[in-house]
1. With the calculation restricted to Cα positions, what are the radius of gyration and Dmax of the range 344-486 in angstrom?
2. From Cα pairs below 8 angstrom and at least 6 apart in sequence, can you work out the relative contact order of the range 571-690, rounded to a whole percent?
3. Show me 526-539, 456-469 ranked by packing, highest mean number of other Cβ atoms within 10 Å first.
4. Relative contact order of the range 313-472, please, whole-number percent, based on alpha carbon pairs below 8 angstrom and at least 6 residues apart.
5. So for the range 558-665, considering every pair of alpha-carbon atoms, how many percent are separated by more than 16 Å?
6. What is the fewest-to-most order of 808, 759 by other Cβ atoms lying within 10 Å of their Cβ?
7. Over what distance in Å are the Cα centres of the range 452-469 and the range 174-210 separated?
8. As a footprinting exposure proxy, order 502, 54, 678, 816 by other Cβ within 10 Å, with the fewest listed first.
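Taken together, the values in this text are just the output of simple stated rules run on the coordinates, not laboratory data. What you see is a predicted model, and the numbers here were worked out from it, not measured in a lab. Glycine also receives a Cβ, built like all others from the backbone with ideal geometry; neighbour counts cover every protein chain displayed.
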């Protein structure tokens, strides 16, 4: 049945038709319905292993190699054709292996994340995975929840929903439980229906599930609410960089081909065509996707073990780029385990009781309470007072909201008097209270609360008034009698100070943005080592009053922000983004705008659904140190990917132009196509291992300085060094037999590239840095052994046209390689010394 059929029916009729009640289904009935309705999910098309394998062939590099193989086959170079196909297979297999691992990594990471919903089963509230919801289930939704299925509303309390994912309109929609006067099939007119994928802005509601899985509104609902894949800045830069290289290479090769045809005629047309294709393949960083995939998947799995779950692998690069991390203090810097220290009231027992009347403990259907204030109050409550809570039933309430900074309830107290109780931020409650014996009492209370705040305590105030109506609005929350306030202690996490110190070492600026008071925020900032003066805190009210220029200046200068609204959080992030890469760590519904705006959105596992929905990274453990270590890991990955690019482009460009130019001046090819491809393959193995390498502290501290576009000049210089030594090599061996020259150049090409890895992996002198990783050393050694031994084997002679070399030739090549390495080190050190002076 379509949702329109339920719009005109009363709640009782809907429940009857679905064969359920307000107490929900039994577990047995829910299980039976699950078998018939299936899981509450719309399965998106997943890429299987075969799809991953086919994807490896969708590459310009593979197309070029297949064309070369086909041409070789046509001109009866059958062995070359087969060997080229073997290269294709090796490249495809390596890519398939790593991407399959990445797919597995993503699937594994998804297991850490599950969307939970509160459902009534046989009158008892349970927390279940949303995929187990069935038609007829009765569920409760609250601010921050993403609606898990299509629901017919049964009860509401100040309930507003954001239907942006369906309508594109950001104006919150008020929902009602009453039947409509006439049916509607238009979702934006269905005021008593809420749809899967929309999110709760404020209030609470109870609803019955009318549609799950493929029977929910819009068959493509998952496309609308799922995280859209977005490329990182680094990914976009790599695409642009690769296209630029490809254009340069293609223009060069076309010129080379035409020049060769003019100089040498048509005699070796097909041979030279294959040679040109091999040249193109040799310069393109075809292992780059492999290196990136390997780095990101390995990094994501390691981070997952440290309680950091990456929702999209590319977010790891963004994680490494973060310069400013904005975070709340509660739970990340402090324990978020409040302890009630004092009750400041003339009637402490009444104050405690009224404070608890505003908590979920008075609701029969709520079995567990998450709010740390409520838990702390309940822990200090005598058993006789706890028993009195069961006698109270809430008549009406308005939930806490980040803009209100309070919640309120209407109920009949133990003496059957109808009272309105308001509980929340002390300055708000004081403003709403007018019943004081003396006006000086207000000032004394305010002064006493400020003193508690300066000690780092969190304050919760309570006020009330007698009220004779059955419901109320926010306008009625005034003229209250101030009853008292509670002082809570929220101790710092043991790791907080260490996390701040590590952040400073990495050059990451931490900014605490909290809804707490100035005093509490300032004291925490001072205790954790972020502030020297606990008063150097800016209030949201002050911040909002500033001009655009001064707002931007204040956002940059201040490290602690107090009493900040969701809108101001958003503005702070946007302002900082003008000059920095900004990460935002949040968990509440009020954090969602700032999370969406940030370069990297980080949410904790217990965050509101809407916040987790927009997050790039989920923290399974709410600890600042966890995310700082994650940033460090992200920078490590980012740095190692850059090492690969710098090394392969510098080396390949040098060899490319050397071979291209020399081919015009000799009557034979300086290297056969199959030999060029072998050089390309063997030299990529140690380069792939760079992903596991260690990184200098300087790169971890200042990642922007080590971005790829800052090293174009260094790459050109190193390519020039490579070209100089290639010409030197040719000058020495120009008179030897072609087979000798090709074999020697094969050895020289691979060994120079391996040596360059150990030079370019650091900005320091190569032996004054961290030791290379074991994997890099091991694969490099294996590649060197294969490179030197292969020309002396039968396999090298028959399949790759190598010849055995005299020791004297090898000695000269070794001396050239040492000279090349020394000159590369001198150029590199000079370059970084020059850059250091500029910075």
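1. For the range 344-486, the Cα-based Rg and Dmax read 14.5, 43 Å.
2. 15
3. 456-469, 526-539
4. 18
5. Looking at the range 558-665, the distances longer than 16 Å represent 68 percent of pairs.
6. 808, 759
7. If you average the Cα positions of each part, the centres end up 35 Å apart.
8. In order of increasing Cβ crowding within 10 Å: 54, 502, 816, 678.
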